[in-house]
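Colleague: Can you read through this structure? Questions will come right after.
The values are calculated or read from the model by the stated rules, or taken from the named source; none is laboratory data. Note that the structure is a prediction, hence the values are computed from the model and not measured. In this analysis, Cβ positions are derived from the backbone assuming ideal geometry, glycine residues included, and neighbour counts consider all displayed protein chains. Ligands, DNA and RNA are stripped out before the accessible areas are found, and what is left, the full protein with its side chains, is counted by its heavy atoms. Shrake-Rupley method; radii C 1.70, N 1.55, O 1.52, S 1.80 Å.
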Amino acid sequence: MQSHRLTGPGAGSEKYDLLTAMAVNGLSAGGTRQATMMRLIALVTARYNWAADEVTIGQREMAALWSVDQRTAKRETRRLIDAGLLEISRPGVRGRVASYRLCRAEIYRQTAPGWASVGPDYDARMSARHIVPEEAPAAAEVSSPKVVQVNFGTRPVALPASAPWDKVLARLAADQPGTYAAWFSQLKGGEPGHDGTLRVVAPSRFLAVYIASRLMVPLERAVAYGYGCNLRCSVVTEDQA
């Protein structure tokens, strides 16, 4: 369900909070994700009609705003839509450009892991105002070659089911293909410790924090299936492994 329109008393601070969430998420990711989020912020800041809760703009205008060619603008718009950050509210037809609407609930869900980095007051305010579901939805590919490498929307592939961790990944891919593609596909697991803990290695702190805070239930359920026993998962980064 789409959130209420950001108009009226208090709307200004909510808009700043939304822009902050997008900015911090992009800056923490780097690479393609960073460029995508910065372009979205520019689009919202320059052209978004908050009263109508949409932005009406053509590819030519969008390309000029982003200082790219129209082909890149079209590709970037599709990336935002596939990522669940933007939706088409009115398709473009001959003589009329398309209109787009921010998917604010999804933006809050994707940016929630970074709220604490802004400050405790911001984190508390955002957490109280926006209920973020526990599981991340399917999202389109917004890859990053630097800090965060989240392959949004990558199609799950058939995985061998010989080793226990292979079975874990196969189970996750079968049960939650969207969440698997966005969050689980890059995890690595090994042999459980004597204390009944399985160290699961994530390629970045962003993924490790998000999974540890929001996706442990499906992860440990799949681990129990793959390893044949209940294990407590500890999600760490590669430098902590």
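Colleague: Just checking: which of the helices (runs of 4 or more DSSP H) contained wholly in the range 116-217 hold 1 or more residues that are under 25 Å from residue 26 (Cβ atoms) and modelled with pLDDT under 85?
Modeller: Ranges flagged: 120-129, 205-214.
Colleague: Here's something else I'd like to know. If you check residue 34 against the conditions, is it at pLDDT below 90, under 19 Å from residue 206 (Cβ atoms) and either in contact with a strand residue (DSSP E or B) (Cβ under 8 Å, 6 or more places away or on another chain) or outside any strand (DSSP E or B) (or both)?
Modeller: Against the criterion (at pLDDT below 90, under 19 Å from residue 206 (Cβ atoms) and either in contact with a strand residue (DSSP E or B) (Cβ under 8 Å, 6 or more places away or on another chain) or outside any strand (DSSP E or B) (or both)), residue 34 does not qualify.
Colleague: Let me ask something else about it. Hey, among 6, 18, 40, 65, which residue is in contact with a helix residue (DSSP H, G or I) (Cβ under 8 Å, 6 or more places away or on another chain) and within 21 Å of residue 210 (Cα to Cα)?
Modeller: 18
Colleague: Whether any residue in the range 178-191 is among the charged types (D, E, K, R) and surrounded by 14 or more Cβ atoms within 10 Å (Cβ to Cβ) is what I want to check.
Modeller: No, because not a single residue in the range 178-191 is among the charged types (D, E, K, R) and surrounded by 14 or more Cβ atoms within 10 Å (Cβ to Cβ).
Colleague: Can you give me the number of residues within the range 66-95 that are crowded, with 16+ Cβ neighbours inside 10 Å and in contact (Cβ under 8 Å) with a residue 24 or more places away in the chain?
Modeller: Count: 10.
Colleague: Could you tell me which residue of the range 96-116 is surrounded by the fewest Cβ atoms within 10 Å (Cβ to Cβ), considering only residues that are touching a residue at least 40 places away in the same chain (Cβ under 8 Å) and among the basic types (Lys, Arg)?
Modeller: In this case the residue turns out to be 101.
Colleague: Can you tell me which residues in the range 192-233 are within 24 Å of residue 127 (Cβ to Cβ) and open to solvent by 30 Å² or more (accessible area, probe 1.4 Å)?
Modeller: Hits for the range 192-233 are 205, 206, 209, 212, 213, 214, 216, 217, 220.
Colleague: Check the range 45-56 and report whether any residue there is open to solvent by 30 Å² or more (accessible area, probe 1.4 Å), in contact with a strand residue (DSSP E or B) (Cβ under 9 Å, 6 or more places away or on another chain), of a type in the set (Ser, Thr, Tyr) and at negative phi.
Modeller: Yes; the residues of the range 45-56 include at least one that is open to solvent by 30 Å² or more (accessible area, probe 1.4 Å), in contact with a strand residue (DSSP E or B) (Cβ under 9 Å, 6 or more places away or on another chain), of a type in the set (Ser, Thr, Tyr) and at negative phi.
Colleague: Does any residue in the range 40-53 that is outside any helix (DSSP H, G or I) come within less than 6 Å, Cβ to Cβ, of a residue that is modelled with pLDDT under 90 six or more places away or on a different chain, and which pairs are these?
Modeller: Once the first residue is outside any helix (DSSP H, G or I) and sits in the range 40-53, its partners that are modelled with pLDDT under 90 give 50/6; 50/7; 51/7; 53/5.
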